[in-house]
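Each remark here refers to the structure printed beneath this line.
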Amino acid sequence: VSAGVARPQSAQYGSCSLRRMSAMEALELLDQLVDESDPDVDFPNSFHAFQTAEGIRRAHPDKDWFHLVGLLHDLGKVLVLFGEPQ
């Protein structure tokens with residue numbers, strides 16, 4: 001896709017107008033989903049986000065931006081709740 005052409009999802013979700021929520025609310029919504037890529041996991045999806053952030057913090061204590069990326073990396077999966085495929 002060229003720089004000037006918007007993808008349909010970008011046009012639909014880019015304004016973030018479907019629902020307003022905090023990052024923590026979005027993390028909690030992840031717990032309602034069964035991740036198709038890992039369906040046998042028996043702990044909440046938000047736990048994976050916290051595990052990832054903590055692992056990055058231990059490995060890279062000086063990169064606080066990276067800790068945040070680890071925490072937020074799966075938030076797009078909440079779009080499943082709006083009809084998008086996983």
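Select from segment 7-30 the residues that are open to solvent by 70 Å² or more (accessible area, probe 1.4 Å) and outside any helix (DSSP H, G or I) and write down the one among them that is modelled with the highest pLDDT.
If we filter segment 7-30 for residues that are open to solvent by 70 Å² or more (accessible area, probe 1.4 Å), which is where we start, we get 7-9, 11-12, 15-20, 24-25, 28.
From what is left, the residues that are outside any helix (DSSP H, G or I) are 7, 15-20.
On the way: ARG7: 70, SER15: 78, CYS16: 74, SER17: 75, LEU18: 72, ARG19: 78, ARG20: 85.
The selected residue is ARG20.
Collect the residues in segment 43-71 that are closer than 15 Å to GLU28 by Cβ and either open to solvent by 60 Å² or more (accessible area, probe 1.4 Å) or of a type in the set (Ser, Thr, Tyr) (or both), keeping them in residue-number order. Scanning segment 43-71 gives PHE43, PRO44, SER46, PHE47, HIS48, PHE50. Residue count for segment 31-52, restricted to those that are part of a loop (DSSP other than H, G, I, E, B) and touching a residue at least 24 places away in the same chain (Cβ under 8 Å): 5. Of VAL78, VAL69, all but one fail to be at pLDDT 95 or above and β-branched (Val, Ile, Thr); the exception is VAL69. Residue pairs whose Cβ atoms lie under 9 Å apart, separated by 6 or more positions or on different chains, with the first residue in segment 55-66 and of a type in the set (Lys, Arg) and in a helix (DSSP H, G or I) and the second open to solvent by less than 90 Å² (accessible area, probe 1.4 Å) and modelled with pLDDT of 95 or more, are ARG57/LYS63; ARG57/PHE66; ARG57/HIS67; ARG57/GLY70.
The values are calculated or read from the model by the stated rules, or taken from the named source; none is laboratory data. Since this is a predicted model, take the numbers as computed values, not measurements. Note: ideal-geometry Cβ built from the backbone for every residue, glycine included; neighbour counts use all protein chains shown. Note: accessible area is taken over every heavy atom of the protein model, side chains too, but ligands, DNA and RNA are not part of it. Shrake-Rupley method; radii C 1.70, N 1.55, O 1.52, S 1.80 Å.
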